[in-house]
Ligand SMILES: Cc1ncc(C[n+]2csc(CCOP(=O)(O)OP(=O)(O)O)c2C)c(N)n1
Ligand code: SF4
Ligand code: SF4
Ligand code: SF4
């Protein structure tokens, strides 16, 4: 068989720092980081980007992505991103937040940043629990899901229904792009990357707020093996949190 | 021929890669890495079956897999 030279078809992106992460085996934060890194590389943004990191297991994101960053604990990342972007509109500004961070204490910040149409992007990792602090119930915890603070399972009458953030963000006037993807298989991972890229491009064209939710596994707090946790995304999360693009102003002719 | 290289000190033995390989050649080895995880590997005997599809690398949360592909020469090259 005649063969030409060997090519590398997959390698770690430049923007992802070459170091081991502190994440548990099978934790999807690693996949999310890699996708963000690839998009930063492909759009040539790393040098000009400012990451607003949050609280949660991804608190050390600034150790893993080779970009300048500001740390904005518990839910305030969209407010800090607003300030950074308004002070330095020449910079590419994005936040990376978990569901405990963004959808509970940070609910006010995320809603108003989106509604104002801040020219920033948000990468939202929804793993249905507070991962870092030991698996407490989050606003996104599914009905019936057992957590340390919902030991009998989340109950509709006591805790309400899990919040669908992407649908809410999509309904706000300043949002240019809002989509939900999952990190559980190759096809969904590729779609997730497409959405992240799209959200980033809406900032580059100064169009409006970009939001991408990533359904992710937290094997440790779900008390599952990584393979079982990955399967749970398909069997339990996607039926409640449908995948797809919920708003794309390029289809609608502008913000508002 | 295509092949993968698993960076063993990064692998956490989550086995997600084993679930997506279309030819089912990735398995857990008997080796532990410095962090105490049993690393994933492709057995020598199966090495030539790799298609270079990179599915394993796409799903690896620890970006531990590099994929190499040798394209077949087209006629006339
Ligand atoms: C004001 C404040 N309250 C509480 C905490 C404790 N705390 C740290 S991380 C966290 C939850 C993070 O969960 P999530 O955003 O879902 O991220 P994950 O760890 O799951 O990735 C909480 C409540 C804090 N850091 N600051
Ligand atoms: S606790 Fe959950 S979210 Fe945190 S690193 Fe472990 S698997 Fe990931
Ligand atoms: S590149 Fe594709 S065929 Fe080769 S080991 Fe990975 S998943 Fe299997
Ligand atoms: S997916 Fe990555 S970390 Fe998990 S077993 Fe395979 S090579 Fe190791």
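Taken together, the values in this text are just the output of simple stated rules run on the coordinates, not laboratory data. Being a predicted model, the structure only gives us computed values, none of them experimental. For neighbour counting, all protein chains shown are included, and Cβ atoms are generated from backbone atoms with ideal geometry for every residue, glycine included.
What to note about this one:
- Selection within region A:10-22 - crowded, with 16+ Cβ neighbours inside 10 Å and either touching a strand residue (DSSP E or B) at 6+ places or on another chain (Cβ under 7 Å) or more than 9 Å from chain B (Cβ to nearest Cβ) (or both): A:10, A:15, A:16
- Verdict on residue A:113 being more than 24 Å from residue A:16 (Cα to Cα) and surrounded by 22 or more Cβ atoms within 10 Å (Cβ to Cβ): yes
- Strands (runs of 3 or more DSSP E) (entirely within region B:4-77) containing at least 2 residues that are away from ligand 3 (no atom under 15 Å from the Cβ): B:26-32
- Checking residue B:34 against (1) more than 16 Å from ligand 2 (Cβ to nearest atom); (2) surrounded by 18 or more Cβ atoms within 10 Å (Cβ to Cβ); (3) facing another protein chain (nearest Cβ under 10 Å); (4) more than 25 Å from residue A:182 (Cα to Cα), the condition it does not meet: (2)
- Residue A:157 exposed (fewer than 15 other Cβ atoms within 10 Å of the Cβ) and within 8 Å of ligand 1 (Cβ to nearest atom): no
- Taking the numbered list (1) more than 9 Å from chain A (Cβ to nearest Cβ); (2) surrounded by fewer than 20 Cβ atoms within 10 Å (Cβ to Cβ); (3) touching a strand residue (DSSP E or B) at 6+ places or on another chain (Cβ under 6 Å) in turn, residue B:52 passes all entries but (1).
- Looking across region A:60-79, the residues that are on the phi < 0 side of the Ramachandran plot, touching a helix residue (DSSP H, G or I) at 6+ places or on another chain (Cβ under 9 Å) and either within 14 Å of ligand 1 (Cβ to nearest atom) or within 14 Å of another protein chain (Cβ to nearest Cβ) (or both) come down to A:61, A:64, A:65, A:66, A:71, A:72, A:73, A:76, A:77, A:78, A:79.
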